[in-house]
Amino acid sequence: MGEDSTGALEGAESVLIACAHGTNNAEGRARINQLRADIAALRPGLVVLEAYVDVQEPSLPAVVAGLPAGVRAVVVPLLLTVGHHVQVDIARAVESRPGSLAAVPLGPDPRLAGLLHERLGELPERWGVVLAAAGSSRPEAAEQVEVLAADLAVRRPETILAAYGASAEPSVPDAVAQLRAKGAAGVAVASYLLAPGYFHDQLGKAGADSVSEPLLPSPLLAQLALEHFDAAVLRSVAA
């Protein structure tokens with residue numbers, strides 16, 4: 001935390017720690033930075049801090065450890081599903097400091113399915129769609145992606161098949177091949193990723209005919225982050 005953040009924490013009752021994965025991609029960093037700025041703009045007076053679970057600094061444990069006593073910290077995962085980073089990294093950081101809370105990830109949410117629908121646009125007849133998530137070895141993450149795939153299928157005429165960049169099956173290339181084998185005239189990949197980076201780059205190599213843009217930029221993500229912040233605070237008050 002810099003001097004500005006330290007000064008803003010004086011007298012603050014709560015802070016929102018916007019915790020992203022982290023990326024080496026410059027455009028990906030810019031979009032996450034803008035998301036954090038959008039969150040702050042929607043809630044004037046709320047201190048919004050940056051933190052990361054991988055690749056970038058400041059690390060989440062360092063940010064949590066640097067908070068003054070008496071300030072309620074709510075870690076909002078700028079992540080789309082549960083998984084190791086949420087269930088282990090963020091959970092440990094929150095447990096390390098009294099007065100810290102963890103909100104749920106940004107997804108799944110039916111409104112994200114609506115955003116994916118917009119990103120895909122109208123496709124030619126007889127195409128299929130691969131809903132491409134980053135992937136996790138945690139089965140709960142795949143279950144959440146399947147929920148989103150069902151929400152997207154309600155909005156689309158195409159067959160929707162969920163797939164993953166790593167740690168889960170089917171892989172995105174395998175899902176593309178499966179849809180072609182079933183007679184799809186073309187395949188579009190719906191990028192269920194927040195921003196450009198390694199996983200989004202891999203989608204362009206999966207053999208599909210088109211790949212949608214990541215979810216950012218969109219005002220919806222900032223709205224979801226604040227909703228989840230508020231829900232975490234309400235849960236703590238009710239407990």
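Things worth noting here:
- Selected residue (criterion: surrounded by the fewest Cβ atoms within 10 Å (Cβ to Cβ)) from residues of region 163-190 that are in contact with a Pro (Cβ under 8 Å, 6 or more places away or on another chain) and hydrophobic (A, V, I, L, M, F, W, C): Ala185
- The residue list Ala51, Ala18, Ala41 contains one member that is surrounded by fewer than 15 Cβ atoms within 10 Å (Cβ to Cβ), at pLDDT 95 or above, in contact with a helix residue (DSSP H, G or I) (Cβ under 9 Å, 6 or more places away or on another chain) and of a type in the set (Gly, Ala, Ser), which is Ala41.
- The combined condition, being more than 21 Å from the chain's Cα centre (by Cα), surrounded by 22 or more Cβ atoms within 10 Å (Cβ to Cβ) and β-branched (Val, Ile, Thr), is not fulfilled by Val130.
- In the condition set (1) within 23 Å of Ala30 (Cβ to Cβ); (2) at pLDDT 95 or above, Asp209 is compliant with all but (1).
- Count of residues meeting criterion [in a loop (DSSP other than H, G, I, E, B) and either out of contact with any His (no Cβ under 9 Å at 6 or more places or on another chain) or among the acidic types (Asp, Glu) (or both)] in region 151-164: 2
- Residues in region 198-227 that are touching a Phe, Trp or Tyr at 6+ places or on another chain (Cβ under 8 Å) and either of a type in the set (A, V, I, L, M, F, W, C) or not in a loop (DSSP other than H, G, I, E, B) (or both): Leu215 alone.
- Test for Ala142: is it assigned to a loop (DSSP other than H, G, I, E, B), at pLDDT below 95, of a type in the set (Gly, Ala, Ser) and under 19 Å from the mean Cα position of the chain (by Cα): no
- Within region 30-137, helices (runs of 4 or more DSSP H) holding 3 or more residues that are touching an Asp or Glu at 6+ places or on another chain (Cβ under 8 Å) and touching a residue at least 40 places away in the same chain (Cβ under 8 Å): 110-120
The values are calculated or read from the model by the stated rules, or taken from the named source; none is laboratory data. Note that this is a predicted model, so its numbers are computed, not measured. Glycine gets a Cβ as well: all are built from the backbone with ideal geometry, and neighbour counts include every protein chain shown.
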